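What follows is a set of notes on a single structure, which appears directly below.
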């Protein structure tokens, strides 16, 4: 299939061009910003950063809060009777005390994460910059997940109070960005290792020519949200509120942009982990197998670790979607692949969704189980151990999602089932904040 030319994107059966401003001035689409950053007075950066708010449970929140009174967790997961007001007052007090200061000049921040995963060491490169907010129906910034009203209301109240992007969204463009070479001329800011053995490195990119070159690359591409859909949508809502309050004009302001970690789909360090399902209670495995044999090819195996490797191999070959099944009350395990019966069921879905393993799971294999009844893990070894110990009665192994599927589904203006993607590692909060005033 011929690819659309630069500054054009495919939407359904036609083409939609990028806004004129992006063609004339790519820095109107993605630009440097005057970052709010921790100073030495706040403490070591390793003790100040936190993962995104939505992957932090109460135990982890307590651990982070105990590290430093200036840890970013106090902003993104505030507590008390008036948590949003408390976060805003805390942020203001840190600025007054000098724990946080705003850079004098706009810059982009180069951010690399080196991490082990399945006996390999990966390194993912991205840049922290200000990305212009666009509604999804413009076809420029593309989602792949549905969002929920509750988390959006929570994050909207927080951004109204703090008037700051506290955590970046994580987005991708489907073109090489050549970010690693920028480290040769950028100013080093920080390097530290976290408790998960991820090494984080940060540089300041001050060269206007480097900003412009990067913006030119991005301006010819769609931008795909990998992580942070709720944060993107509430930033868009906050922008609209600010525009109504200020009145219409043509000047771009800070609230017209969102703090974004931007990476390339071509980056060899881009890792998407699978999300395996666990059930604490389930029907007997024999009754399930009897039902599955009517719609799937069911192959018996005797080693869960080998089953997992075979599952990944099949996914890489892009054949029929396949799942691995483990049961506590059986020493055997099974490979399930979509057969004629499953394909009939999957035809109810859009073509872009039919090849997904999560579609096979939720539409055919266990359609009666709602998402909130599953437990989840991204490590197949944890899933295997949970079933072996009886902590779970049934385990479903899924292969890692393919980035190409995410892009195809986004371009078709569709969304993936919940818990489909987990980009690893998470982009940290606290490396830089983006003031919206």
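Looking at (1) within 27 Å of the chain's Cα centre (by Cα); (2) assigned by TED's automatic domain parsing to the domain that holds residue 368, which is the one condition that is false for residue 223?
(2) is the only condition that residue 223 fails.
Which strands (runs of 3 or more DSSP E) sit wholly inside the range 73-180 and have at least 2 residues that are under 29 Å from residue 271 (Cβ atoms) and free of Cβ contacts under 8 Å to residues at least 12 places away in the same chain?
Correct list: 120-132.
To keep it simple, each residue is scored yes or no on (1) free of Cβ contacts under 8 Å to residues at least 40 places away in the same chain; (2) surrounded by fewer than 22 Cβ atoms within 10 Å (Cβ to Cβ); (3) touching a strand residue (DSSP E or B) at 6+ places or on another chain (Cβ under 8 Å); (4) more than 25 Å from residue 286 (Cβ to Cβ).
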site	(1), (2), (3), (4)
317	yes, yes, no, yes
322	no, no, yes, no
345	no, yes, no, no
369	no, yes, yes, no
373	no, yes, yes, no
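Which ones in the range 181-206 are part of a loop (DSSP other than H, G, I, E, B) and surrounded by 13 or more Cβ atoms within 10 Å (Cβ to Cβ)?
If the condition is that a residue be part of a loop (DSSP other than H, G, I, E, B) and surrounded by 13 or more Cβ atoms within 10 Å (Cβ to Cβ), then 186, 194, 198, 206 are the ones that fit.
Given the structure, is residue 27 under 28 Å from residue 205 (Cα atoms), at pLDDT below 95 and part of a helix (DSSP H, G or I)?
Spelling it out, residue 27 is indeed under 28 Å from residue 205 (Cα atoms), at pLDDT below 95 and part of a helix (DSSP H, G or I).
Under the condition of being surrounded by 21 or more Cβ atoms within 10 Å (Cβ to Cβ) and under 20 Å from residue 419 (Cβ atoms), which residue from the range 121-144 is nearest to the chain's Cα centre (by Cα)?
144
For the range 118-140, what are the residues that are at pLDDT below 95 and within 27 Å of residue 198 (Cβ to Cβ)?
118, 119, 120
Can you tell me which of (1) under 30 Å from residue 149 (Cβ atoms); (2) part of a helix (DSSP H, G or I); (3) out of contact with any strand residue (DSSP E or B) (no Cβ under 7 Å at 6 or more places or on another chain) is the one residue 248 doesn't meet?
All conditions pass for residue 248, except number (2).
Would you mind telling me which numbered condition in (1) crowded, with 19+ Cβ neighbours inside 10 Å; (2) over 16 Å from residue 359 (Cα atoms); (3) modelled with pLDDT of 95 or more residue 397 fails?
It fails just one condition, (2).
Kindly check whether there is at least one residue in the range 44-62 that is assigned to a loop (DSSP other than H, G, I, E, B), surrounded by fewer than 14 Cβ atoms within 10 Å (Cβ to Cβ), in contact with a strand residue (DSSP E or B) (Cβ under 9 Å, 6 or more places away or on another chain) and not assigned by TED's automatic domain parsing to the domain that holds residue 309.
Yes - at least one qualifying residue is present in the range 44-62.
Conditions: (1) in contact with a strand residue (DSSP E or B) (Cβ under 6 Å, 6 or more places away or on another chain); (2) in a helix (DSSP H, G or I); (3) closer than 30 Å to residue 139 by Cβ. Residue 383 meets all but one. Number of the miss?
The single condition residue 383 does not satisfy is (3).
The values are calculated or read from the model by the stated rules, or taken from the named source; none is laboratory data. What you are looking at is a predicted structure, and each value in this text was computed from that prediction instead of being measured. Neighbour counts run over all protein chains shown; Cβ positions are idealised from the backbone, glycine included.
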